[in-house]
Amino acid sequence: MLATASSRSIAPPPDGGTIVRASHHPPACYPAPSTPAALDKSSQPVVHCMTAMNTEPAQSSFLHEGRADTKPSDTTSTFVNNMRLPIHRWFRYSAGFSAQWVSQVLRDARTPRPLTLFDPFVGSGTTVLAGEECGVNSLGIEAHPFVARIATAKLLWNESIESFKRSAGHVLDSAGRVAPDTEDYPTLIRKSYSEGALAQLDRLRTAWLRHNERTPVSELTWLALLAILRPTASAGTAPWQYVLPNKRKKHPVPPFEAFAAQVAIMSEDMYYFQSVVHEHSGAIFQDDARTCSAIEDSTIDLVITSPPYANNYDYADATRLEMSFFGEVDRWADLHAAVRRHLIRSCSQHVTADRVALPTVLNDKGLGPIIQELSQACHELEKRRLRRSGRKSYHTMVAAYFSDLAKVWTSLRRVCKPGATVCFVVGDSAPYGVHVPVETWLGELAISAGFNSYHFEKTRDRNVKWNIDRKHNVPLHEGRLWVEG
Ligand SMILES: C[S@@+](CC[C@H](N)C(=O)[O-])C[C@H]1O[C@@H](n2cnc3c(N)ncnc32)[C@H](O)[C@@H]1O
């Protein structure tokens, strides 16, 4: 429920008045706020049952549908349920997986306690937040600079709620007084908003810049503004899709109203987390999973993660709207330097921009255990692309993807303790109809890096809607690759 108001005031503190958005009763299976959530006497982490918040559903423009490439039977590898969970719901990250599932894995893990959990592709921070909520020492790294900033801001739930509301209140008040200047926004932004909405967003942005004290509270206020950019856009902002300027939404939310509601939601969630999780046990670093340089040797007991899939999804483009609004990129062409070059090479634009040559990548010694099948697939792709009008560089993309993932396994071997468990949520792919058995090849690379065994647990079939070449009918699936050793 959004603020009913045309009111632009920020809701009073959760402990002292009416919350604009929803009941702040904790979900039924959370412990009462007075229950300590850290380690119990036997040093076993107290693992809470994470469940959907007992709140009214958010207005539909804040809630987005599930990931479009999957059937709804098993939602553990999607972010959709997180949109009802405190803190997780602050930013809708289509590439994310379920926090409840992470809690479940922690509950079921036979790993000796206390344990250290690690996610080398932490995205919006799901694993680390779920770990914190379970009182588990949790580390995450993310290479996308903008996404890393979002995830790090979500970990600021422990800041003073009062200061956050005061800071956001100042921003909203001064936004009401500054004059808008929308001339210089990139085309994507001007196409995505009505004139009135962009004027309000610009006033909020200017006000935030004026009040930015580079404090954690300013960062939370930045996140509140960022979080309303999609609900307030008139352009199509479907999840797991890039922005569609020509597709129009019927009822975008007015920005001042959306901002007030978002601050209320965030205050409420901070209050809730502060009540049940008494101390931080997590950290997120901007770093590269291929090196894991922020993580010390032999310190990790359990890895729960989901790498980019080899399916041509462009993580750089996924945040183009937000980065364009904040002036971090101007045009699509800026995305490579600003973001893509930091990431695993899982989309064809990446290898094209880097002019990757197939023989060079296939020469990578790290690809040893899979080189025969991989070369065969890449050469087949090289042939098929010549018959396709798009001539996508899937041949180099697939080779570079596995070359990068081989490095990830080597780094994971370094940071994991002997006997560690690693769980990768992965899906296979079939560019131009050539099947790429991702889980098997990743499993083989893990063994080659020094792990002992792997097995794949399929969670669901994926429909063909989101195959990177919609003209093929190769059945695809998604599941968990479990690696031990
Ligand atoms: C499937 S998403 C993970 C989402 C996460 N599970 C969540 O719930 O938010 C994969 C993430 O890996 C990140 N990534 C890509 N290349 C990376 C690299 N070299 N090192 C670390 N992260 C990387 C992407 O930016 C993306 O956020």
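Just so you know, all these numbers are worked out from the coordinates, no wet-lab data involved. Please read all numbers here as calculations on a predicted model, not as lab measurements. Cβ coordinates were reconstructed from backbone atoms using ideal geometry, including for glycine residues, and neighbour counts include every protein chain displayed.
Which trypsin sites (Lys or Arg not before Pro) in the range 184-284 sit in a loop by DSSP (not H, G, I, E or B) and have at most 14 other Cβ atoms within 10 Å of their own Cβ? Before the final figure, lay out the partial values.
Numbers: sites: Arg190, Lys191, Arg203, Arg205, Arg210, Arg214, Lys247, Arg248, Lys249, Lys250; in loops: Arg214, Lys249, Lys250.
Passing both the DSSP loop test and the Cβ count: Arg214, Lys250.
How long is the gain from Thr187 to Ser389 if the chain were fully straight, where each residue apart is worth 0.36 nm and the alpha carbon distance is subtracted?
69.9 nm
Amide H of Ala420 versus every other amide H placed in the peptide plane: which residues, excluding those fewer than 5 positions away on the same chain, fall under 5 Å?
For Ala420, the qualifying residues are Gly485.
Note down the net charge around Gln376, summing +1 for each Lys or Arg and -1 for each Asp or Glu among other residues with Cβ under 12 Å from its Cβ.
On the way: positive: Lys383; negative: Glu373, Glu380, Glu382.
Result for the local shell: -2.
Size of the dipole of the range 264-374 about the Cα centre, Lys and Arg at +1 and Asp and Glu at -1 on the beta carbon, nothing else charged, in debye to 20?
Charge dipole of the range 264-374: 580 debye, to the nearest 20.
In whole Hz, what ³J(HN,Hα) sequence does the range 438-443 give by Karplus (6.51, -1.76, 1.60; θ = phi - 60°), x for Gly and Pro?
Per residue, the Karplus-derived 3J(HN,Hα) values read 4, 5, 5, 5, 5, x Hz.
Which whole-Hz couplings ³J(HN,Hα) result when phi for each residue of the range 308-323 is put into the Karplus expression 6.51 cos²θ - 1.76 cosθ + 1.60, θ = phi - 60°, listed in order with x for Gly and Pro?
Per-residue couplings from phi come out as x, 8, 7, 10, 6, 6, 9, 5, 5, 5, 4, 10, 4, 4, 5, 5 Hz.
Scan around Ser138 for amide H atoms under 5 Å from its own, H built in the peptide plane at 1.01 Å from N, and keep only partners 5 or more places away or cross-chain.
Result for Ser138 returns Leu117, Gly282, Ala283.
Amide H to amide H under 5 Å from Ser234: which residues, 5+ apart in sequence or cross-chain, H placed 1.01 Å off N in plane?
Result for Ser234 returns Tyr193, Ser194.
Express in whole angstrom the spacing between the alpha-carbon centres of the range 72-130 and the range 276-315.
12 Å
In the neighborhood of His350, defined by Cβ-to-Cβ distances under 12 Å, what is the net charge if each Lys or Arg adds +1 and each Asp or Glu adds -1? Before the final figure, lay out the partial values.
Numbers: positive: Arg340, Arg341, Arg345, Arg355, Lys392; negative: Asp314, Asp317, Asp354, Asp404.
Result for the neighbourhood of His350: +1.
Give the residue list of trypsin sites (Lys or Arg not before Pro) in the range 114-179 that are DSSP loop and have at most 16 other beta-carbon atoms within 10 angstrom.
Passing both the DSSP loop test and the Cβ count: Arg177.
Counting Lys and Arg as +1 and Asp and Glu as -1, each charge on the Cβ, what is the dipole of the range 289-331 about the Cα centre in debye, to the nearest 20?
160 debye
Farthest toward the dipole's positive end in the range 97-199, which of Tyr185, Thr116, Ile161, given Cβ charges of +1 (Lys, Arg) and -1 (Asp, Glu) about the Cα centre?
Thr116
Lys/Arg Cβ at +1, Asp/Glu Cβ at -1, dipole of the range 300-384 taken about the Cα centre: which of Tyr313, Ala357, Leu302 is farthest positive-ward?
Result: Ala357, furthest along the dipole toward the positive end.
Taking θ = phi - 60°, what integer Hz values does the Karplus form 6.51 cos²θ - 1.76 cosθ + 1.60 yield along the range 159-175, in sequence order, with x for Gly and Pro?
Result, rounded to whole Hz: 6, 5, 5, 4, 5, 4, 5, 5, 4, 5, x, 4, 4, 5, 5, 6, 4.
Could you pull out the pairs from Lys392/Lys458; Lys154/Lys249; Lys247/Lys383 whose alpha carbons sit more than 31 Å apart here?
Lys247/Lys383
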